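What follows is a single structure, written as structure tokens, with notes after it.
The values are calculated or read from the model by the stated rules, or taken from the named source; none is laboratory data. Treat the numbers as computed from the prediction; the structure is a model and nothing was measured. Reconstructed Cβ throughout: ideal geometry from the backbone, glycine too, with neighbour counts over all protein chains shown. All accessible areas refer to the heavy atoms of the entire protein, side chains included, with ligands and DNA or RNA removed. Shrake-Rupley method; radii C 1.70, N 1.55, O 1.52, S 1.80 Å.
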Amino acid sequence: MPSRVPSSVRRPWTGVLVRGWRLEIGLSLGTLVVLMFSLSLGAVGPFLVGAAVLALSRLRPKVGQKLTRAARRNREARRLDFAFWHCAIVGRTGDIPRVERVAALPVGLRYLVRMPVGLHFEAVRARKDEVAAALGAREVRVTPVAESARYVEVAVIWGNAFPRALPSPLLDCAVVSLWEPLAFGVGQEGREVSLRLPEHNLLIGGEPGSGKSVALSTIVAAAALDPSVELTLLDGKDVELVAWSEVADRFVGADQGAAVEVLEEVSTLMDERYRALLATRRRKLAPGEHEGLHVVVIDEVAFYLRGGEKAVRERFAELLRDLVSRGRAAGIIVVAATQKPSHEVVPTWIRDLFAYRLALRCTSPDASDTILGQGWAHQGFSAATIDPSTRGVGYLLAEGGVPVLLMTPYLSDEDIDELASRALALRGLS
């Protein structure tokens, strides 16, 4: 970073100062005009004007609130202006990025910034750490605005949005509709992150102890609490999903042959649904129809894809690929998880079929890219950088988007037992 701003771009600093203080300057001039007017009325003038201002504040309290909010936004915009200036993020004409809007976040502020001529998104992203240091913030995150390359969004994070454990909203739900967005966690900016599971599949990966089972439990619990959902569970470790075995329509443990048979059943169901859709001239399953969603959850997919007889695992891989690639319109949702994210376990031809991908704490950037996709770690989205002491924190990538760091809700063994009992009652199985 330059030690000082080049002399060729010093002139616009005056404009930055004036622009940042326009509201305050306007209010000061307005106050001066009112004061001079009150003095022109004689000895009683200040009292009359004061009474009028007091009456106006009582009749129009929102005016004062709006002015206060505007002054606060201006103050925060000036701070970011100063940071841009001192970090020498300056365009060819000497202009710095201009703050257009400011919005509050639970743990900071979000700015909409217009870039000057000669600068683009990368100019701010490359110096985000310097901007964070200038502001004294915990972190600065920069994302492009899809609608226009002229704008970027800058999120300044002051606090930590992640608690030690995030309570699950499912504990307060009597019943769930999986057609509705599912609250899957809280993002780094403190905002809720939701998933729309219909027509989407989810891949979860992370090292042992990263919180993979915690994230998977949220999906299984939500599906179990929707009595219209058919649930198929494949548990490569026998014990992770056993609490839901009585709720599931199909449950298979560490048995590759049985897993293949179950996937063949689901594949047959998928073909039947497509024939029904064709007969009724429908393109896809919709809410409220006779056929409900069918959720297939596979924990420790590495067991089924890597071990046992070659013919059996190849048949499993082919069935999995077929369900993930063709099942969306038929209401088939596949959720697969592994604690060994590698190219041998999760080949790219399977990974790329998953619209949602969650990379929890990984041992290396390559392992993170195995889940999210090649190149994300180089762009700063690496699950290898996640604090090992935080469980359930990972990068979630939705199709066509940018990975979002979030924390998934926590469900204890007691919580899972309670939700499983509730699901059994909803399904008339208790």
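The table below lists the values:
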{"read-out": "Per residue solvent-accessible surface (Å²) - the range 241-379, probe of 1.4 Å", "value": "45 Å²"}
{"read-out": "Length added when fully stretched, A384-S245, from 0.36 nm per residue minus Cα-Cα", "value": "46.7 nm"}
{"read-out": "Neighbourhood net charge (14 Å Cβ-Cβ; Lys/Arg +1, Asp/Glu -1) for L166", "value": "0"}
{"read-out": "Dimensionless Rg over Rh [the range 122-188; C-alpha; Kirkwood]", "value": "1.14"}
{"read-out": "Cβ crowding within 10 Å averaged over residues, with 350-362, 172-184 ranked highest first", "value": "350-362, 172-184"}
{"read-out": "Contour minus Cα-Cα distance for E180 and H120 (0.36 nm per residue)", "value": "17.9 nm"}
{"read-out": "Kirkwood Rh in Å, taken over the range 184-251 so that all alpha-carbon pairs contribute", "value": "13.5 Å"}
{"read-out": "Gain upon complete extension [A311, A103; 0.36 nm per residue less C-alpha separation]", "value": "69.2 nm"}
